[in-house]
Amino acid sequence: MAGSSVKPTPLLKDELDIVIPTIRNLDFLEMWRPFFEQYHLIIVQDGDPSKIIKVPDGFDYELYNRNDINRILGPKASCISFKDSACRCFGYMVSKKKYIYTIDDDCFVAKNPSGELINALEQHIKNLLSPSTPFFFNTLYDPYREGADFVRGYPFSLREGAPTAVSHGLWLNIPDYDAPTQLVKPRERNTRYVDAVLTVPKGTLFPMCGMNLGFNRELIGPAMYFGLMGDGQPIGRYDDMWAGWCMKVICDHMGWGVKTGLPYIWHSKASNPFVNLKKEYKGIYWQEDLIPFFQSAVLPKECVTVQQCYIELAKQVKEKLGKVDPYFIKLADAMVTWIEAWDELNSSGEKSSKGTSK
C-alpha cells in the first residue's frame, strides 16, 4: 500500500524518546508535528503540579509533574531540581529507550539557507549513529558525512572512529548567551548557518546547551544529570553546563565521542537578562574554579562503567569543590542519589514509573 497518506517510518521510531521540560501549554509541538508525531514524548512539568498542561491532539506522550516525581522516587526525589528546566533529567531516568532527544518549548523548526525546513531530530540521529573522531582532528570535520572523508595525513588506525555518545545542536535567531553578554548585545541575533558537524577533541571541554540535544542513553545516560538548580539553590542556568562537563570527562575516560554543530533549531525568545544574571551570578564566579577542576579531573582505570565514573567524580567534587562553596558538598551528595535512583528505576525489578499517558 503505497498511498500518499502512508507516512514513512522515521529513524529509530521505537528506540528514541523526546523529553520536553515545560511550565506551559505545548502549542509549539504543532510546528514540529511532521517530525515528532510518530515518536513517544516524555513531558516533565515543572512548577505547580495542579496546573493542567495542554498537549496538541495526536501525540503519544506521558506527562510527569512534581507529584509524580515524588511518588516514583520517594526521598530520592530531592536530587531532581524544582522551578528549573534541570527537571528534564527525570525524563531521561524514566525513559526505557536507547536514545534521547531533548528540546525546549521555545524552540521552533529552523530553515536552512535554501529555505527548507530542517528535521533536527533526523540530523541528531545521523550524528549519533555514525562514529566520532575524538583522538585526532579531521580538518574536513565529520569524515562520515556524505561528500567528506578523512584527509591526507589522518592515521588509518584511527579511521574506525569511536562510538558517539552525544550530539549537541545549535540555534538560529536568539543565541545561547549568558546574562552579561545579553546585556551588552541585546539585539544580537545568530543568522550564521554553518553546515558542519565536528567532534569535540578528547581533553577539551565545551559549554553544553540542553535545548537542542541528543544522546545515547544506553551509553552515557547516567552521566546526564542536570544537577541541583532553581528553587532553594544558589544557582541556576548551569544545569546543562554541569552535565556537559561531567559527561565530557567520562566520555574521554571511556573513549567515546561528542559531536557539535548541525542541526540548528530556531530559538524564538530571549529570557530576561536581569533575571538570568541573578540566577547565573555565582556560576559565573565559580566557573573559574570549576573549569580547572574538570580539566584536571582523572578517573582511575578501575572505573569501567558510567555509574562508577560518576560516583568517583562526585567524590572528587566533594573533596575539591566543597572548599569553593558548601553548595558543592550538597551537589556531590545529589549526584550519588541520582545514580542510586537511576539504578533503582532501571533495574529489572523496577517499581511502576507511570505518569499521565495519552
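With under 21 Å from the mean Cα position of the chain (by Cα) and either buried (at least 19 other Cβ atoms within 10 Å of the Cβ) or assigned to a helix (DSSP H, G or I) (or both) as the only criterion, which of Ala270, Ala334 stands out? Break it down into steps so the answer makes sense when it comes.
Numbers: Ala270 fails: either buried (at least 19 other Cβ atoms within 10 Å of the Cβ) or assigned to a helix (DSSP H, G or I) (or both).
Residue meeting the stated conditions: Ala334.
So, Val19, is that one outside any helix (DSSP H, G or I), open to solvent by 10 Å² or more (accessible area, probe 1.4 Å) and either touching a Leu at 6+ places or on another chain (Cβ under 9 Å) or within 17 Å of Phe215 (Cβ to Cβ) (or both) or not? No; evaluated as a whole, the condition is false for this residue.
Identify all residues within the stretch 110-130 that are open to solvent by 90 Å² or more (accessible area, probe 1.4 Å) and not in a strand (DSSP E or B); write none if there are none. Can you show your working first?
Going through the stretch 110-130, the residues open to solvent by 90 Å² or more (accessible area, probe 1.4 Å) turn out to be 111, 113-114, 116-117, 126, 129.
Pro113, Ser114, Glu116, Lys126, Leu129, listed by residue number.
Looking across the stretch 155-184, the residues that are part of a helix (DSSP H, G or I) and open to solvent by 60 Å² or more (accessible area, probe 1.4 Å) come down to Phe156, Ser157, Leu183, Val184. Residues in the stretch 159-208 that are closer than 21 Å to Glu146 by Cβ and either out of contact with any Ser or Thr (no Cβ under 7 Å at 6 or more places or on another chain) or without any contact (Cβ under 8 Å) to a residue 24 or more places away in the chain (or both): Arg159, Glu160, Pro163, Ser167, Gly169, Leu170, Tyr193, Val194, Asp195, Ala196, Val197. Within the set Ile43, Ile53, Ile72, the sole residue that is open to solvent by less than 50 Å² (accessible area, probe 1.4 Å) and under 19 Å from the mean Cα position of the chain (by Cα) turns out to be Ile43. Identify, please: which residue in the stretch 202-228 is in a loop (DSSP other than H, G, I, E, B) and open to solvent by 50 Å² or more (accessible area, probe 1.4 Å) and is, among those, farthest from Gly255 (Cα to Cα)? The extreme case among them is Pro207. For the stretch 238-270, which residues satisfy the criterion of being without any contact (Cβ under 8 Å) to a residue 60 or more places away in the chain and of a type in the set (Lys, Arg)? Of everything in the stretch 238-270, just one residue is without any contact (Cβ under 8 Å) to a residue 60 or more places away in the chain and of a type in the set (Lys, Arg), namely Lys248.
The values are calculated or read from the model by the stated rules, or taken from the named source; none is laboratory data. The structure presented is a predicted model; accordingly, all values stated were derived computationally and were not measured. Neighbour counts run over all protein chains shown; Cβ positions are idealised from the backbone, glycine included. These area figures cover heavy atoms from the full protein model, side chains too; ligands, DNA and RNA do not enter into them. Shrake-Rupley method; radii C 1.70, N 1.55, O 1.52, S 1.80 Å.
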